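Written below as structure tokens is the structure these notes are about.
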Amino acid sequence: MPTKLSPFLKTCMILGYAFLYVPIITLIVFSFNSSRLVTVWQGFSTKWYVSLLQDDVLLKSAWVSLQVATLAATFAVILGTLAAVALVRLGRFRGRQFFGILTTAPLVMPEVITGLALLLLFVGLEQMIGWPKGRGILTITIAHTTLCMAYVTILVRGRLAELDLSLEEAARDLGARPLKVFTAITLPLISPALVSGWLLAFVLSLDDLVLASFVAGPGSSTLPMVIFSSIRFGISPQINALATIIITAVAIGVMGAGWLLHRKKY
């Protein structure tokens, strides 16, 4: 029998949801505002969505952000998984504690410090070996991978620590090689952590402003950078329209994932 909530808990729940979602609903509503002033309602219109399709700066920055987020999330999952396997399955090797500290350092390091350090690294490498050539999508991807890898490592490490080793031992007893055991047994078992890590890394990269501001170059501005620079002159209605499209896509993805989980459960 479901537990009945007290009036106090209901009030707290309503206020909490209102605090989280009223600003988002307001943004969506004003994306259909005919006025250029985003705080003054003058009537319903979809002209800002049409105008968004003609805004090359916003569209290009959104495309750069999607490219960087996809690449950074993928590399972060690969490197984070390898780091987690080394920390959990290789036992106590020399430098293990130091390696564990290095993998989680980006979590506690201020992004300003990380961004400055990476910028100096890229400049030094370019002067010594000529790579990377300038700052752009490559340097932003490396910076975001460095940050996101720490989150993936923690997620996968926790999942690996909970696995039943008897399944892998049974596969090895039946003659399976270590690589076959890892791909056929371990990877499917830790796949929820891999998917969660990829999605978390994708969102973190898509949302990052500080790191990208340090390591981006001409023509490689991400969407947060463009939005941040534009709000100094007032919020453009096109930004509301773009945010609404992103919110809609995320909502569809979340509902689709929830539906698949519900279907799998029953």
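No value in this document is a laboratory result; all are computed from the given coordinates. Being a predicted model, the structure only gives us computed values, none of them experimental. Every residue, glycine as well, gets a Cβ built from its backbone with ideal geometry; the counts of neighbours run over all protein chains shown.
The slack in the chain from residue 60 to residue 46, taken as 0.36 nm per residue of separation less the alpha-carbon distance, amounts to 2.9 nm.
Describe numerically, in nm with one decimal, the distance between label points set 7 Å from Cα along Cα→Cβ at residue 88 and at residue 128. According to this spin-label approximation, the distance is 3.4 nm. Of interest is the spacing of the C-alpha centroids, which for region 181-219 and region 119-143 amounts to 21 Å.
Based on DSSP H runs of at least 4 residues, each adding -39500 (n - 2.57), what is the mean residue ellipticity at 222 nm of the chain after dividing by all its residues, to the nearest 500 deg cm²/dmol? Could the numbers behind the result be given before it?
On the way: 12 runs with 200 residues, N = 266.
That calculation yields -25000 deg cm²/dmol at 222 nm.
Residues in region 172-189 carry Karplus couplings, in order, of 5, 5, 7, x, 6, 6, x, 5, 5, 4, 5, 6, 8, 10, 5, 4, x, 6 Hz; the curve used is 6.51 cos²θ - 1.76 cosθ + 1.60 with θ = phi - 60°, and Gly or Pro positions show x.
How long is the gain from residue 235 to residue 179 if the chain were fully straight, where each residue apart is worth 0.36 nm and the alpha carbon distance is subtracted? Walk me through the intermediate numbers first.
On the way: separation 56, 0.36 × 56 = 20.16 nm, distance 5.26 nm.
That pair, residue 235 and residue 179, stretches by 14.9 nm at full extension.
Residue-wise HN-Hα couplings along region 92-97, as the Karplus relation 6.51 cos²θ - 1.76 cosθ + 1.60 with θ = phi - 60° gives them from phi, are 8, 10, 5, x, 4, 5 Hz; Gly and Pro carry x.
Given in Å, the Rg to one decimal and the Dmax to the nearest whole number for the Cα atoms of the chain are 22.9, 73. For region 97-140, the spread of Cα positions along the three principal axes, ordered from largest to smallest, is 34, 20, 16 Å.
How high is the relative contact order of the chain, in percent, with contacts defined as C-alpha pairs under 8 Å that are six or more residues apart? Display every interim value, and only then the final one.
Values: 267 pairs, mean separation 80.5, N = 266.
Once normalised by length, the contact order is 30 percent.
Shape class of region 1-143 from the alpha-carbon gyration tensor: oblate, with a/c at 1.5 or above and b/c at least as large as a/b. Here r is the Cβ-Cβ distance between residue 245 and residue 167 and R0 is 45 Å; the resulting FRET efficiency, rounded to 0.05, is 0.55. Applying the Karplus relation 6.51 cos²θ - 1.76 cosθ + 1.60 with θ = phi - 60° to region 33-46 yields 3J(HN,Hα) values of 7, 6, 7, 6, 7, 6, 9, 10, 7, 10, x, 7, 6, 10 Hz, where x marks Gly and Pro.
List nothing, just return the count: lysine pairs in the chain, 8 or more apart or interchain, with Cα separation under 30 Å.
On the way: 4/264; 4/265; 10/265; 47/60; 60/133; 180/264; 180/265.
Total qualifying Lys-Lys pairs in the chain comes to 7.
If the chain between residue 67 and residue 112 were fully stretched, how many nm would it gain, using 0.36 nm times the residue separation less the Cα-Cα distance?
13.9 nm
Taking amide H atoms as placed 1.01 Å from N in the peptide plane, the amide H of residue 33 lies under 5 Å from those of 45, each 5 or more residues away in sequence or on another chain.
Placing a pseudo-label 7 Å from each Cα along the Cα-to-Cβ vector at residue 37 and residue 121 gives an inter-label distance of 4.8 nm. A crude spin-label estimate for the pair residue 252 and residue 210, with each label 7 Å from Cα along the Cβ direction, gives 3.4 nm.
Could you list log10 I(q)/I(0) for region 145-266 at q = 0.10, 0.13, 0.18, 0.22 Å⁻¹, which the Debye formula gives when each Cα is one point scatterer? After summing over all Cα pairs, the log10 values are -0.53, -0.78, -1.08, -1.26.
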